[in-house]
Amino acid sequence: MLTKEYHVIGVMSGTSLDGLDIVYVTLKFDLNWSFNIIHAVTIPYSDDWLLKLSRLSNLGMEELHVIDLEYSKYVSETIAGFIDKYQIETVDLVASHGHTAKHLPHKNFTYQIGNLQEITNYLNHTVICDFRVQDVELGGQGAPLVPIGDQLLFSEFDYCINLGGFSNISFEKDGFRIAFDICPVNTVLNTLSQRLNLDYDVDGKLAKSGNLNPDLLNALNQLAYYHEDYPKSLGIEWVQEQIWPVLEQYDISTHDLMRTFVEHIAIQIALNTQQINKAKLLFTGGGTLNSFLMERVSFFVSGSITIPDTLLINYKEALIFSLLGVLKLRGEINCLKSVTGAKHDHSSGRIYTPNFN
């Protein structure tokens, strides 16, 4: 008989480079799944790690393997510090997303650092990680992976939208879960903020002070990706190849670039939430704390918008990767072909168990 309650440490690092999100949660199954976030923290990256992580997509595999070992050690030590700080005694498993270094599903390749056996060896806990590789091997996008959690934990909402490095969406259609990346968010906005010597745009004040450029807005909205059918996903490589060349064509202020890109994000979200009348929408992710962005989203989107408490805003993805780990441990489906385009639904991830001999 399968265990009905699990104590899990979930670890998430996103493309926005906010830091390493770590949660300690309980997940219970009694006809339906429920959760409780007990402890949660974001460990900001040092300047050294920010520099290394921001350059991953440009590195060769030999260099990546070196950083992978270093990052796995860093993740191990950080998790150990988390366990010690909160005096956590019961850990059934650690579920880790790792950090995406290269994501090229059209070339049947994806690589996340921080998914090595070394983490298990260091912590002496079962670690379940590397959730994307198997899906890509099965012909899928390897992303997004969060929608199974939306389906099992947040089914009362018609749309679940995360605003992180990218915006992504999941919803039910004709009995299947559909999900895909909508557009970049903080991967672009944070980089623009850094031109003004700020890590990010607090409350969207910088963007709000700028002027909307209609020509740039139109050029962004015409990018081919937005007119492709799902399944589809985005990576840093796409931003470098498609977004920055468009932005650089316009000799306007950084504030104007930010103002226009916020409008672009809001319009793309609205265009992808029109299928359901009077829809209920759940927004999470760091971008949800950008009040100007949410103001523009509210302007364009019809339906009822829910912004949950800060704990869920910031840690929903780490929570759901905890669930992905539990589902893998139980041998249950945690990756949906309707979402990623893989050949079939499957239970994805690698399981590393401690060697106590």
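The values are calculated or read from the model by the stated rules, or taken from the named source; none is laboratory data. No experiment lies behind these values; they were computed from the predicted model shown. Because the Cβ atoms are built from the backbone with ideal geometry, glycine has one as well, and the counts that use them run over all protein chains shown. Areas reflect the complete protein model, heavy atoms only, side chains present, ligands, DNA and RNA absent. Shrake-Rupley method; radii C 1.70, N 1.55, O 1.52, S 1.80 Å.
Can you tell me which residue is surrounded by the fewest Cβ atoms within 10 Å (Cβ to Cβ) among those in the stretch 14-46 that are modelled with pLDDT under 95 and farther than 27 Å from Glu89 by Cα?
Filtering the stretch 14-46 for residues that are modelled with pLDDT under 95 and farther than 27 Å from Glu89 by Cα, the one surrounded by the fewest Cβ atoms within 10 Å (Cβ to Cβ) comes out as Leu31.
Matching residues to (1) out of contact with any Phe, Trp or Tyr (no Cβ under 6 Å at 6 or more places or on another chain); (2) under 21 Å from Asp201 (Cα atoms); (3) surrounded by fewer than 16 Cβ atoms within 10 Å (Cβ to Cβ):
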residue	(1), (2), (3)
Ala219	yes, no, no
Glu228	yes, no, yes
Ala266	no, yes, no
Lys328	yes, no, no
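Taking only pairs six or more apart or across chains, which ones have beta-carbon atoms under 8 Å, a first residue in the stretch 6-33 that is without any contact (Cβ under 8 Å) to a residue 24 or more places away in the chain, and a second residue that is buried (at least 16 other Cβ atoms within 10 Å of the Cβ)?
If the second residue must be buried (at least 16 other Cβ atoms within 10 Å of the Cβ), the pairs left are Thr26/Tyr6; Thr26/His7; Thr26/Val8; Thr26/Phe35.
Collect the residues in the stretch 335-357 that are under 19 Å from Leu116 (Cβ atoms), surrounded by fewer than 24 Cβ atoms within 10 Å (Cβ to Cβ) and in contact with a helix residue (DSSP H, G or I) (Cβ under 6 Å, 6 or more places away or on another chain), keeping them in residue-number order.
Tyr352, Pro354
Would you confirm whether any residue within the stretch 124-131 is acidic (Asp, Glu), crowded, with 24+ Cβ neighbours inside 10 Å, under 20 Å from the mean Cα position of the chain (by Cα) and not in a strand (DSSP E or B)?
no
Restricting to the stretch 298-314, and then to whatever is assigned to a helix (DSSP H, G or I) and free of Cβ contacts under 8 Å to residues at least 40 places away in the same chain, can you tell me which residue is most open to solvent (accessible area, probe 1.4 Å)?
Among those residues, the one meeting the criterion is Phe299.
Do we find a residue being within 17 Å of the chain's Cα centre (by Cα), surrounded by fewer than 19 Cβ atoms within 10 Å (Cβ to Cβ) and among the acidic types (Asp, Glu) anywhere in the stretch 199-213?
no
Quick check: is even one residue across the stretch 140-154 farther than 25 Å from Ile9 by Cα, buried (at least 23 other Cβ atoms within 10 Å of the Cβ) and modelled with pLDDT under 95?
The answer is yes; a qualifying residue exists.
Of all residues in the stretch 158-185, which are open to solvent by 20 Å² or more (accessible area, probe 1.4 Å) and either within 19 Å of Ala318 (Cα to Cα) or within 11 Å of the chain's Cα centre (by Cα) (or both)?
Correct list: Asn168 only.
Scan the stretch 323-336 and tell me whether some residue there is touching a Ser or Thr at 6+ places or on another chain (Cβ under 8 Å) and within 23 Å of Pro184 (Cβ to Cβ).
The answer is no; no qualifying residue exists.
Scan the stretch 186-193 and tell me whether some residue there is more than 17 Å from Thr284 (Cβ to Cβ) and surrounded by fewer than 16 Cβ atoms within 10 Å (Cβ to Cβ).
Within the stretch 186-193 (the criterion being more than 17 Å from Thr284 (Cβ to Cβ) and surrounded by fewer than 16 Cβ atoms within 10 Å (Cβ to Cβ)), the answer is no, since none of the residues qualifies.
Within the stretch 79-122, restricting attention to residues that are without any contact (Cβ under 8 Å) to a residue 60 or more places away in the chain and under 19 Å from Val25 (Cα atoms), which residue is surrounded by the most Cβ atoms within 10 Å (Cβ to Cβ)?
Filtering the stretch 79-122 for residues that are without any contact (Cβ under 8 Å) to a residue 60 or more places away in the chain and under 19 Å from Val25 (Cα atoms), the one surrounded by the most Cβ atoms within 10 Å (Cβ to Cβ) comes out as Ala80.
Determine which member of the set Glu332, Glu295, Glu248, Glu317 is over 17 Å from the mean Cα position of the chain (by Cα) and open to solvent by less than 60 Å² (accessible area, probe 1.4 Å).
Sole residue among the options that is over 17 Å from the mean Cα position of the chain (by Cα) and open to solvent by less than 60 Å² (accessible area, probe 1.4 Å): Glu332.
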